[in-house]
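Everything on this sheet refers to the single structure shown next.
The values are calculated or read from the model by the stated rules, or taken from the named source; none is laboratory data. This is a predicted model, so every value here is computed, not measured. With ideal geometry, Cβ positions are generated from the backbone for all residues, glycine too; neighbour counts draw on all protein chains shown.
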Amino acid sequence: MPQTFAEKILAKKAGLSRTVPGQIVEITPDVALSHDNTAPIYGIFQRMGGERVFDPDMHAIFIDHAAPAPTTKHAENHRIIRQFVAEQGIEHFFDVGRGICHQVLVEEGLALPGEVVLGSDSHTPHAGVMGAFGAGIGRSEMASIWAVGSLWLRVPESMKITVNGEFLPGVTAKDLALKVIGDLGADGALYMSVEWHGGAIEALDLSQRATLPNMMAEMGAKNSYIPPDAKVTAFLAGRAKRTFELVYPDPGAHYAQSYTYDAQSIEPMIACPHKVDNVKPLSDVAGTHVDQAFLGTCTNGRLGDLAAAASVLKGREIAAGTRMVVIPASSKVYLEALQAGHIETFLEAGAAIESPGCGPCMGNHMGVPAVGEVSISTANRNFRGRMGTKESEVYLASPAVVAASAVAGEIVHPKDL
Amino acid sequence: MDKIIRGRVWKYGDNVNTDVIFPGKYTYTVSDPKEMPQYALEDLDPKFADGMQPGDIIVGGTNWGCGSSREQAVVCLSEAKLGAIIAKSFARIYYRNCLNNALPAIVNPEAVDAVENGEIIEIDLSAGEIRCTGGTFTFPPLPEAVMEIFEAGGLIEHTKEKLANQQE
């Protein structure tokens, strides 16, 4: 019987010939991803009676959520992580400044096709850009994996989203993701595996593709997958840390839901306060004043995102009464943006550049808004209080729109600058 | 674990996210579970943290607990001895976190519609029943693999037992 990607990969990992939605399987992940929460997870691990981790090579640990440390308390958290990493002999450890976990996992060749990544972070589906099965789990679950090496998973139903045709100039994967989330709602793919197919997806570069599985967390998905093609295998050549096996869904597999979009029909979209599925066409909210524009995050802090913003900012200045914060998703992205001249463009336009990491995305530091302020951001979440105070508003948009809005001091389409 | 839960209902809407249940700014500064209840639902219902009593029951709409994977959004409630959460549906990581912390998470859209905010209701976990003024509603038992964790008192205890058995 033909199987979807999720059914097939979970069967493979569980040592079964096939699985069906709803089935509970026990699997050992290829990667156990944790970030600043590694320290509290270590505490849980010890409460479980854990001494040595099941497999040090399974771990990928990043300090990115509040990095470099904004307070002594955060610094102490980081110190515990470094101590844990040294004690357990964990090789794949990425300290302050290297960048956001999901981005760095891909750059380091640790997110591989046909593998399972479980992460104590809700945006772990991001790894699906490489054809991996990535799913977010809780802290206790992560501690349990460290201790015994495995975890139960329910085989999800699958959703197939096919995008045909070509995107219009200036329209990005972010706009597509927002459009789909707006259409289907914040629980549109609850517990499901979301697969992306079609010519418009194949035509996207990897930087843009990554935005799609990343944002499916906002639709409730368990994981999200893009079939790995030649772009993926070329990217992984000389980079992959392990040999891997490409896994594809079978033709004729059963999908609980299927949707088809025409790329040409997608226009620049924006998620309005305070829900990611409160999505409107950009034109509906044009003219809204913004106090701060934030370019960065695992959703849109890659080189292509910075390039799109830089092309808008080139030769322009950020509006008086508005500020802009730019945080490259990783040190590698930072370096490439520097070499390409984008960092110079941002500085000349008047933006503040911060060290790679999550920054103000969840309200930790490096650009949290004041009470009553409005932000426009390239991030994936705009929940009330997300950036630090519940008395502020966050709009989510693509990098070019965020850059254009910084220049105009209000939400605007780049072509209207 | 108590098989009968009886408490006052705190009723909320759809898509209540983890940022309003346990704000992100506390995720790396509040690490002791005992300190977490005082921040529970801070950005959703400022009256909750002081007003809730052990055994009380949260009733939510669809997609309760969407957003971040932060387990504190469950621990701040389980640590306060919340009796259960009944919702039309749960975000998946939140649901897993509930079961892993032995906090009953019950999916029952009909009961959610029938229950009034502030009323006292009863949940019978072994019979799989929710009893309220609006009627009695049934729910299926948990899958076996998950029940094991639940009965151990949560994943921490369950893994502890597993590890101890391995070492014997």
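A few remarks follow.
- When each of A:Glu107, A:Glu157 is tested for being within 14 Å of chain B (Cβ to nearest Cβ), in contact with a Ser or Thr (Cβ under 8 Å, 6 or more places away or on another chain) and within 28 Å of A:Arg381 (Cα to Cα), the lone residue that passes is A:Glu157.
- Whichever residue in segment B:80-106 is small (Gly, Ala, Ser) and away from every other protein chain (no Cβ under 14 Å) and, among such residues, is surrounded by the fewest Cβ atoms within 10 Å (Cβ to Cβ): B:Ala80
- Top-ranked residue in segment A:226-241 [being out of contact with any Pro (no Cβ under 7 Å at 6 or more places or on another chain) and in a loop (DSSP other than H, G, I, E, B); ranked as surrounded by the fewest Cβ atoms within 10 Å (Cβ to Cβ)]: A:Gly238
- Enumeration of residues in segment A:138-172 that are charged (D, E, K, R) and not in a strand (DSSP E or B): A:Arg139, A:Glu141, A:Glu157, A:Glu166
Okay, residues lined up against (1) in a helix (DSSP H, G or I); (2) surrounded by fewer than 16 Cβ atoms within 10 Å (Cβ to Cβ); (3) of a type in the set (Asp, Glu):
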residue	(1), (2), (3)
A:Thr243	no, yes, no
A:Asp284	yes, yes, yes
A:Ala307	yes, no, no
A:Ala310	yes, no, no
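- Filtered residues of segment A:209-225 (kept if over 11 Å from the mean Cα position of the chain (by Cα) and away from chain B (no Cβ under 14 Å)): A:Tyr225
- Only one of the listed residues (A:Val20, A:Val53) is over 26 Å from the mean Cα position of the chain (by Cα), more than 13 Å from every other protein chain (Cβ to nearest Cβ) and of a type in the set (A, V, I, L, M, F, W, C). That residue is A:Val20.
- Extreme residue, modelled with the lowest pLDDT, among residues of segment A:388-404 that are under 12 Å from A:Ala370 (Cα atoms) and of a type in the set (S, T, N, Q): A:Thr389
- Any chance A:Gly99 is farther than 21 Å from A:Pro227 by Cβ, free of Cβ contacts under 8 Å to residues at least 40 places away in the same chain and surrounded by 23 or more Cβ atoms within 10 Å (Cβ to Cβ): no
- Within segment B:28-40, one or more residues are facing another protein chain (nearest Cβ under 10 Å), buried (at least 20 other Cβ atoms within 10 Å of the Cβ) and either more than 22 Å from B:Gly154 (Cα to Cα) or in contact (Cβ under 8 Å) with a residue 12 or more places away in the chain (or both).
- Residue match in segment A:354-375 (condition: in contact with a helix residue (DSSP H, G or I) (Cβ under 8 Å, 6 or more places away or on another chain), in a strand (DSSP E or B) and modelled with pLDDT of 95 or more): no
- With respect to the conditions (1) without any contact (Cβ under 8 Å) to a residue 24 or more places away in the chain; (2) among the small types (Gly, Ala, Ser); (3) surrounded by 23 or more Cβ atoms within 10 Å (Cβ to Cβ), A:Ala75 lacks only one, and its number is (3).
- Where a residue in segment A:275-294 is away from chain B (no Cβ under 14 Å) and over 14 Å from A:Leu176 (Cα atoms) and its partner, wherever it lies, is assigned to a strand (DSSP E or B) and small (Gly, Ala, Ser), with Cβ under 9 Å and at least six apart: A:Val290/A:Ser375; A:Asp291/A:Ser375; A:Gln292/A:Ser375; A:Gln292/A:Ser377; A:Ala293/A:Ser375; A:Ala293/A:Ser377; A:Phe294/A:Ser375; A:Phe294/A:Ser377
- Residue match in segment A:61-82 (condition: of a type in the set (Phe, Trp, Tyr) and over 22 Å from A:Thr297 (Cβ atoms)): no
- For segment B:153-161, the condition of being within 13 Å of the chain's Cα centre (by Cα), in contact (Cβ under 8 Å) with a residue 40 or more places away in the chain, surrounded by 15 or more Cβ atoms within 10 Å (Cβ to Cβ) and more than 9 Å from chain A (Cβ to nearest Cβ) holds for none of the residues.
- Any hit, segment A:251-270, residues being within 23 Å of A:Gly165 (Cβ to Cβ), part of a loop (DSSP other than H, G, I, E, B), in contact (Cβ under 8 Å) with a residue 60 or more places away in the chain and among the aromatic types (Phe, Trp, Tyr): yes
Results for (1) surrounded by fewer than 24 Cβ atoms within 10 Å (Cβ to Cβ); (2) closer than 15 Å to A:Thr297 by Cβ; (3) not assigned by TED's automatic domain parsing to the domain that holds A:Val279, shown as yes or no for each residue.
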| residue | (1), (2), (3) |
| --- | --- |
| A:Ala329 | no, yes, no |
| A:Val333 | no, yes, no |
| A:Ala352 | yes, no, no |
| A:Gly359 | no, yes, no |
| A:Met366 | yes, yes, no |
| A:Arg381 | no, yes, no |
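- Every residue from segment A:78-94 that is in contact (Cβ under 8 Å) with a residue 12 or more places away in the chain and of a type in the set (D, E, K, R): A:Arg82, A:Glu91
- Strands (runs of 3 or more DSSP E) wholly inside segment A:18-132 containing at least 3 residues that are under 20 Å from A:Val247 (Cβ atoms): A:24-27, A:31-34, A:116-119
- Flag if A:Ala230 is closer than 30 Å to A:Ile411 by Cβ and not assigned by TED's automatic domain parsing to the domain that holds A:Ile411: no
- Search result, residues across segment A:189-225 that are without any contact (Cβ under 8 Å) to a residue 60 or more places away in the chain, assigned to a helix (DSSP H, G or I) and among the aliphatic types (A, V, I, L, M): A:Ile201, A:Ala203, A:Met219
- Taken as a whole, the condition of being in a loop (DSSP other than H, G, I, E, B) and either buried (at least 23 other Cβ atoms within 10 Å of the Cβ) or among the hydrophobic types (A, V, I, L, M, F, W, C) (or both) does not apply to B:Ala111.
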